[in-house]
Amino acid sequence: MTSTFSRRASRASGPAHLTRIAVAAVLIALMSGCAVTRVDPPAPVAAPAQFKEDALWKKAQPGTAEVVPEQWWTLFDDPVLNDLQHKLVIGNENLKAAVAQVAGARAALEASRSALFPTLSAGFSGTRSASPDGNVTNGSINRGPTNSVQASLNASWEADLWGKLRLASEGATSTLQATADDLAAARLSAQATLAQSYFSLRTAEAQEALYERSVKSYERFLDMTQARYQSGVAARSDVLQAQTQLRTAQAQLLETRTTRAQLEHAIAVLLGLPPSALEVSKSANLPQPPSVPTLLPSQLLERRPDIAAAQRRVATAYAQIGVADAAYFPSLTLSASGGYRNSTLSNLLSAPNLFWSLGPALAQSIFDGGQRKLASAQARTSAEVATSTYRQTVLTALQEVEDNLILAEHLREEAKLQQDAVESAQRNLELVTDQYRAGTVSFLEVTTAQNSAFNAEASLLSLRNRQLAAINLLLKNIAGRWTAA
């Protein structure tokens, strides 16, 4: 049920009426600048003073560090990766969808702002009508058809007494900013995914080169073993074992080539291209991991767009509380209309045909079955969800940095140890091979040495790939600058 109060000024109303109405309109406009239903959101999450693994980070990268560029992948000094990242921003379909979402949020903001201003409409109509009872014209009954021509102009404005419209506009502003931050976060995520896919591609190529070397080595060893068997020095089991090693390495080589092809297909899709449209030149060399600068937790919270988006959605949710609470108060609308009405078009624009009306309309909901209460409770629940989501986003961001801090440092140490293991395994293989040729060791010891050398080099490649991945995520987390919409 809605109660409405309105005052309409007739043609006979004097200037005093207009003066009172104008003064009332000015007072209403002044009152509408206050948002009495505003609910302030909680304070932003305070960052810890330092990272738990900060000592490892500083130990790993001593000295004064340079600022990480927004294009952090350039620190890997790989021209092919740089070119792929450039194509990503242009062609990625997910980024195009995010850009469209930003445009939609901007349109929603403009729509919410337009509600703060009066609306104005103009109309022109012409009718010809007849009635069995006739039409009254100039005090006499006219039994024939009559004409009516009307030109009118209508204006209305809802006074934002309680800040409902202004809070809705502020919420739309926060939503636009959050959507722009989502775009920045999506771009960072796509760039990090592309970089990691590229590192995995290069790792697969390095593994392919390792298998190719192993296949050639096993082929030579098989030839040597067959020659020794034919001369009666080696047993038939040695030949079979050499053949097993060769076939296994050949099968693993095919599997590695399959992995490399699938990674190249994934990179093409990231760039918005069909797999057949992209071919990355092969290189068995992995990029060198760059140094990572130190960073305070407070800087992380300032730079990550996903954190900014979550915080702005908190502001949007709290603005919606004010919008919902404003429904408890009456709404006031000022309207005015005027125009000319006559039976003929020729004499339409003349003083005797002028009509107009001006006045406010006050509406207050009396009974709504608890809808306003439920809407207010729902808005507060949504605000609590947004706040918890924001806090969880901050915690997750801090965890990602902590995880990759310790991972990058430990993998760096592991890679050094594994490199020593590779060199030792290679020397051992050479020694055992010479002993086998001399007939002082069995073929089993040769096989064991071969497997150890191969596994040591394969493990080193895996460690280097994981190290690049950890540093890639660290750089992505601290290079994620964003610009407020």
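Taking the residues in the range 278-300 that are part of a helix (DSSP H, G or I) and open to solvent by 30 Å² or more (accessible area, probe 1.4 Å) as candidates, determine which candidate is modelled with the highest pLDDT.
Checked the range 278-300; the qualifying residue modelled with the highest pLDDT is GLN299.
What about GLN378, is it out of contact with any Ser or Thr (no Cβ under 9 Å at 6 or more places or on another chain), within 28 Å of ARG166 (Cβ to Cβ) and in a helix (DSSP H, G or I)? Here the answer is yes, as GLN378 does meet what is asked. Taking (1) open to solvent by 70 Å² or more (accessible area, probe 1.4 Å); (2) farther than 27 Å from PRO287 by Cβ; (3) not hydrophobic (A, V, I, L, M, F, W, C) in turn, GLU255 satisfies each apart from (2).
Those residues that are part of a loop (DSSP other than H, G, I, E, B), open to solvent by less than 40 Å² (accessible area, probe 1.4 Å) and modelled with pLDDT of 90 or more, I need them from the range 51-91; list them, please. Within the range 51-91, just ASP78 meets the criteria.
Flag set for ALA227, criterion: surrounded by fewer than 17 Cβ atoms within 10 Å (Cβ to Cβ) and of a type in the set (A, V, I, L, M). Residues in the range 230-250 that are assigned to a loop (DSSP other than H, G, I, E, B) and surrounded by 14 or more Cβ atoms within 10 Å (Cβ to Cβ): 2 in all. Inspect all residues belonging to the range 363-375 and state whether any of them is open to solvent by 70 Å² or more (accessible area, probe 1.4 Å) and part of a loop (DSSP other than H, G, I, E, B). Within the range 363-375, one or more residues are open to solvent by 70 Å² or more (accessible area, probe 1.4 Å) and part of a loop (DSSP other than H, G, I, E, B).
From the list THR440, THR448, the one residue that fits, being surrounded by fewer than 17 Cβ atoms within 10 Å (Cβ to Cβ) and not in a helix (DSSP H, G or I), is THR440.
The values are calculated or read from the model by the stated rules, or taken from the named source; none is laboratory data. What you see is a predicted model; the values in this text were computed from it and never measured. Virtual Cβ from ideal backbone geometry, glycine too; neighbours counted across all protein chains shown. Just the protein is used for accessible areas: all its heavy atoms, side chains included, with ligands, DNA and RNA removed. Shrake-Rupley method; radii C 1.70, N 1.55, O 1.52, S 1.80 Å.
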